[in-house]
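The structure under discussion appears below in the form of structure tokens.
The values are calculated or read from the model by the stated rules, or taken from the named source; none is laboratory data. Remember, it's a predicted structure, so these values are computed and weren't measured experimentally. Here the Cβ positions follow ideal geometry from the backbone for every residue, glycine too, while neighbour counts run over all protein chains shown. Surface accessibility is based on the protein's heavy atoms, side chains included, excluding ligands, DNA and RNA. Shrake-Rupley method; radii C 1.70, N 1.55, O 1.52, S 1.80 Å.
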Amino acid sequence: RAEKTEVLSEDLLQVEKRLELVKQVSHSTHKKLTACLQGQQGVDADKRSKKLPLTTLAQCLMEGSAVLGDDSLLGKMLRLCGEAEDKLAQELIHFELQVERDVIEPLFVLAEVEIPNIQKQRKHLAKLVLDMDSSRTRWQQSVKSSGLASNLQPSGAKADALREEMEEAANRVEICRDQLSADMYNFVAKEVDYANYFQTLIEVQAEYHRKSLALLQNVLPQIKAQQEAWMEKPSFGKPLEEHLAVSGREIAFPVEACVTMLLECGLQEEGLFRVAPSASKLKKLKAALDCCVVDVQEYSADPHAIAGALKSYLRELPEPLMTFELYEEWIQASNIPEQEKRLQALWGACEKLPKANYNNIRYLIKFLAKLTEYQDTNKMTPSNVAIVLGPNLLWPQADRNTTEMMTTVSLQIVGIIEPLIQHADWFFPGDIEFNVTGNYGSPMHVNHNANYSSMPSPDMDHADRRQHDQARRPLSVATDNMMLEFYKKDGLRKIQSMGVRVMDTSWVARRGTTAVRKASSTPPAAQPPAPPTDLPATPHSPIPEHSLDISASPSPLPTSFGFPPGAERS
């Protein structure tokens, strides 16, 4: 066959090359975009919804809500989230149907119909051109074989037939070429429309996400409102102000619960806050306090667990009860050598505490002062209480060396807490009602010293000490070994030089009367010194100031206490 004659212009040849590239890109995009659809392609909305993962998730959440019920916070959350996921599923179905109609199907038509049709026409034109070249070649050979001059036309039936065949082939080529050129030019002109498919994709996605965001923003306040309205929220490890705001309380729940129970069953417990409780008991009590429900009867027999829970709550606060902001001021006040000026400085720092912190530290110090009134029995003097509880009330914000913390910082903190306990009525004047909410029972006080044996006296002779050791029950005693070792060695002179009293161990070999011991702890001159006139008056505390009569007959014992629904909040 003769060589092929090129019938397309240079511009159309460039369009022909572009056709193949556009076809490849369109086909690949169509395939990937189809894979992004979560629903089944080509089915109506109802059938698509049943297969959608979001719909399945919404059904699962709603079923879980029905199982748990709306009386639980988790059940309410599941119901709200299930409704939101169902609405999101409906929006997703509408989005996918629109993408399928306006983007995926047009891309399929472009890649699998329009461009292949143009390419098919191009192949057909190439065949017609070959046919035309072939017929022309045969006619030319016929002319040469007739022996006529090249400027003369051949004659005869055969020559006429060849000429007609050639002219007809050329006519078919021209018609096909014109049609192909028109299609190619149309393709070039419609490239703006093809590009619009991708603009539509982004617009549809933006609309889908706007509607989805509106749905989520509408349901999110409802979810937050349910959580904020739910009373049973954990308190351990949470900021004090957040816990008080959520619970609507003046005094933190773990503080009031533990203090109230200790007032009833722990004031005469030997080594309170020093004897370590059972780890499992402590963990259980902390979890119960987090749920705001505690079995009073169970824990009234273990005051050390109650004291341990109170220490844990104070220690796990993100910020100490006496605040990071006032830390340097507390330390500077403790370093003042003159006792009267030191007390004035401590009083000034107290007045700067935030209201929530002031109310709670006032409540706690008042309780610790009442605890030390029973020091003949519980062996917990103000100094002892300050040593074991002070590091849980104040600590520095920056990390420091452990040895430095134990030798210097902790000792300064003891020098802060001990005067607060000794002169609680001066720092925080007025009586206080410890059972603020009135929801706590008064179990009969039991002397638990039979269950928890104290350390033997060093004055015992060897036989008595051995008999005492045999009678003792196993017990883990938190004696703050590092600090005690420090006291025994060079730290004693350093502490005394700082004006800080060491841990009072005179209870081991007790000599003298209670009156003598109390007199030794009072400040010289006036007791206590008058508040400075340049400082503001003591802020009024919202806590009712009614004294609690410990000796009063106990009220009937409830089985548990906590937040009764709606009662305490009112």
Go over the candidates V259, V293, V255 one by one and state the one that is touching a strand residue (DSSP E or B) at 6+ places or on another chain (Cβ under 6 Å) and under 20 Å from F434 (Cβ atoms). V293
Failed condition for G42, given (1) at pLDDT below 90; (2) among the small types (G, A, S); (3) in a helix (DSSP H, G or I): (3)
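Quick one: would you say K211 is open to solvent by 60 Å² or more (accessible area, probe 1.4 Å) and free of Cβ contacts under 8 Å to residues at least 60 places away in the same chain? It would help to see each step written out before you state the result.
Working: open to solvent by 60 Å² or more (accessible area, probe 1.4 Å): yes; free of Cβ contacts under 8 Å to residues at least 60 places away in the same chain: no.
Criteria not met by K211.
Can we say E114 is open to solvent by less than 60 Å² (accessible area, probe 1.4 Å), of a type in the set (D, E) and either over 26 Å from R177 (Cα atoms) or not in a helix (DSSP H, G or I) (or both)?
no
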Could you tell me whether K233 is outside any loop (DSSP other than H, G, I, E, B), open to solvent by 50 Å² or more (accessible area, probe 1.4 Å) and of a type in the set (K, R)? no
Of the listed residues (A58, A84, A66), the one being over 20 Å from K224 (Cβ atoms), open to solvent by less than 80 Å² (accessible area, probe 1.4 Å) and modelled with pLDDT of 90 or more is A58
Quick check on S235: is it touching a residue at least 60 places away in the same chain (Cβ under 8 Å), in contact with a Leu (Cβ under 6 Å, 6 or more places away or on another chain) and not hydrophobic (A, V, I, L, M, F, W, C)? no
Report yes if some residue within segment 171-191 is surrounded by 15 or more Cβ atoms within 10 Å (Cβ to Cβ), at pLDDT 85 or above, in contact with a His (Cβ under 9 Å, 6 or more places away or on another chain) and of a type outside the set (K, R); otherwise report no. yes
Which one of V275, V219 is under 26 Å from the mean Cα position of the chain (by Cα) and in contact (Cβ under 8 Å) with a residue 40 or more places away in the chain? V219
One residue from A159, A206, A225 being free of Cβ contacts under 8 Å to residues at least 24 places away in the same chain and surrounded by 14 or more Cβ atoms within 10 Å (Cβ to Cβ): A159
Of the listed residues (L285, L244, L263, L213), the one being part of a helix (DSSP H, G or I) and at pLDDT 90 or above is L213
Looking at V173, V143 in this structure, which one is assigned to a helix (DSSP H, G or I) and touching a residue at least 60 places away in the same chain (Cβ under 8 Å)? V173
